[in-house]
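**Q** Shown below is the structure under consideration.
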Amino acid sequence: MSAAADAYAAFYMPTRAWAWHPLAKRMPTHKVTFLPDNVVVEVDPECYPYGRTGEPGSVLDIALTHGVDILHACEGSGVCGTCHVIVTAGAENLSEADDDEMDAVEQVAGNELASRLACQAVVGGDVTVRVPC
Ligand code: FES
């Protein structure tokens, strides 16, 4: 293929145009699954924060941006516990819980060992959480 044909194809064929673009090589995405509705969203950490609620890139930040409803009475400041979720997979891909988060989680009815505050748990890889009813 000639250079002119390559240039034409790169310009008029978007998929091919993005394939050579330097940014196309750095688009790490993480898959976040919300149960029980089984809503799966892909996020790009380069786009954090998505919204203004909770830590940038937190499970809550991602959920609210993608239409997944999680209660958040304190607007993501980490004190109310209403954003409680249970991590069913990928716990190692979340930021570590600090003592304040663990104290808040302990106050939540129905908490489990895998419980986290959605507003404090920042996503760094694939993760699955269950939103209590
Ligand atoms: S929204 Fe209140 S603790 Fe997360």
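**Q** What Kirkwood hydrodynamic radius, in Å, does the range 26-130 give when the mean of 1/r is taken over all pairs of distinct Cα atoms and then inverted?
**A** It works out to 13.3 Å.
**Q** What's the local net charge at Thr33, with K and R +1, D and E -1, over the other residues with C-beta under 12 Å away? Display every interim value, and only then the final one.
**A** Values: positive: Lys31, Arg130; negative: Asp37, Glu42, Asp126.
Around Thr33, the charge tally is -1.
**Q** Arrange the peptides 54-63, 118-127 so that the one whose residues have, on average, the most other Cβ atoms within 10 Å appears first.
**A** 54-63, 118-127
**Q** Please work out the Cα convex hull volume for the range 38-90 and give it in Å³ per residue.
**A** Given the Cα convex hull of the range 38-90, per-residue volume reads 87 Å³.
**Q** Describe numerically, in nm with one decimal, the distance between label points set 7 Å from Cα along Cα→Cβ at Asp103 and at Asp37.
**A** Result for the modelled spin labels: 3.3 nm.
Values in this text are rule-based calculations from the coordinates and carry no lab data. Quantities reported herein were computed from a predicted structural model and do not represent experimental measurements. As a convention, Cβ positions derive from the backbone with ideal geometry for all residues, glycine included, and neighbour counts pool all protein chains shown.
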